[in-house]
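Trainee: I am attaching a structure below and will ask some questions about it afterwards.
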Amino acid sequence: MDAAAQPVSRYSGGMRRRLDLAVGMILAPAVLFLDEPTTGLDPRGRAEVWAAVRALVAEGTTVLLTTQYLDEADQLADRISVLGGRGEGRVVAEGTPDALRERLGGDHLELVVRHARDLGRAAALVERIAGVPVETDPDRRFISVPVSDRMAALAATVVALGAEGVAAEDLTVRRPTLDEVFLHLTEVRA
């Protein structure tokens with residue numbers, strides 16, 4: 001049965017959420033307040049909402065979004081305010097998504113060596129390249145370090161590992177997620 005022919009009371013939670021959003025967006029208001037707009041939506045529905053919000057913003061609508069889904073904030077927000085403070089709801093940080101990521105040291109080079117015996121040697125190489133101490137996890141044969149120039153660090157690491165005969169199982173450069181930023185910024189320190 002077509003959804004349009006059904007009473008709203010028979011809609012699923014996701015369908016009701018989409019209807020609420022459509023009603024709020026239909027007139028392209030000057031300011032639109034969205035409170036966790038994609039809660040209960042499947043990935044396709046979430047992507048559709050994000051596209052609709054982007055279209056409204058492109059037409060000049062200012063959107064104020066509250067969400068606990070930080071990937072949603074990352075997709076939609078030009079500026080983010082992180083609330084924390086042990087339930088007090090105070091702003092603990094504010095800025096662009098990239099500026100907030102920089103608080104964790106920006107990009108991280110991550111390496112998994114093929115053989116555990118090479119971890120120490122690889123860690124020393126990566127530390128020399130990055131110029132800062134690395135973090136290691138011997139159980140996973142894993143090395144992580146913040147880097148300022150992601151491509152230069154990646155290329156230098158590949159060359160250095162090859163020159164030293166250290167086999168890598170995985171090597172990547174990644175940006176911290178906003179979830180990681182949130183956890184760092186709101187960490188309760190004893």
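Please treat every number below as a calculation from the coordinates, not as lab data. Nothing here was measured: the structure is a model prediction, and the numbers come from that model. Don't worry about glycine lacking a Cβ; one is built from the backbone with ideal geometry, like all the others, and counts go over all protein chains shown.
Trainee: Tell me, what is the FRET efficiency for D35 and S148 to the nearest 0.05, using R0 = 25 angstrom and their Cβ-Cβ distance as r?
Mentor: Once rounded, the FRET efficiency stands at 0.10.
Trainee: Turning to a different aspect of this structure: How much length is gained if the chain between R140 and A3 is pulled fully straight, taking 0.36 nm per residue apart and subtracting their Cα-Cα distance, in nm to one decimal?
Mentor: 44.4 nm
Trainee: Related question: Give the range of the longest stretch in the chain that excludes all trypsin sites (Lys or Arg not before Pro) found in loop regions by DSSP and having at most 15 other beta-carbon atoms within 10 Å.
Mentor: Counting at most 15 other Cβ atoms within 10 Å as exposed, the longest clean stretch of the chain is 1-78.
Trainee: Further, regarding this structure: Please give me the summed charge of the neighbours of R141: other residues whose Cβ is under 11 Å from its Cβ, Lys and Arg +1, Asp and Glu -1.
Mentor: Computed value for this residue: -2.
Trainee: Just flag the GluC sites (Glu not before Pro) in region 1-98 sitting in loop per DSSP whose Cβ has no more than 13 other Cβ atoms within 10 Å.
Mentor: Answer by residue number: E59, E88.
Trainee: Let me check I've understood the local charge: for L64, count other residues with C-beta under 14 angstrom from its C-beta, Lys and Arg +1, Asp and Glu -1. What total comes out?
Mentor: Cβ neighbours under 14 Å give a net charge of -4.
Trainee: Name the most mobile residue of G89, G120, G45, meaning the one with the largest mean-square fluctuation, in a Gaussian network model of the chain with Cα contacts below 10 Å.
Mentor: G89
Trainee: For a Förster distance of 25 Å, can you work out the FRET efficiency between the beta-carbons of T96 and R44, rounded to the nearest 0.05?
Mentor: 0.35
Trainee: Let me ask something else. Give me the orientation-averaged projected area of the Cα convex hull of the chain, in nm², one decimal.
Mentor: With every direction weighted equally, the projected area is 15.9 nm².
Trainee: Select from A58, A77, S9 the residue farthest towards the positive end of the dipole of region 3-77; place +1 on Cβ of Lys and Arg, -1 on Cβ of Asp and Glu, and compute about the Cα centre.
Mentor: Projecting each Cα onto the dipole axis, the largest value belongs to S9.
Trainee: Which of L83, L56, L27 ends up with the largest GNM mean-square fluctuation for the chain, with Cα atoms connected below 10 Å?
Mentor: Judging by the Gaussian network model, the answer is L27.
Trainee: Any idea what log10 I(q)/I(0) is at q = 0.25 Å⁻¹ for region 107-174, Debye with uniform C-alpha scatterers and no solvent?
Mentor: Scattering profile of region 107-174, log10 relative to I(0): -1.09.
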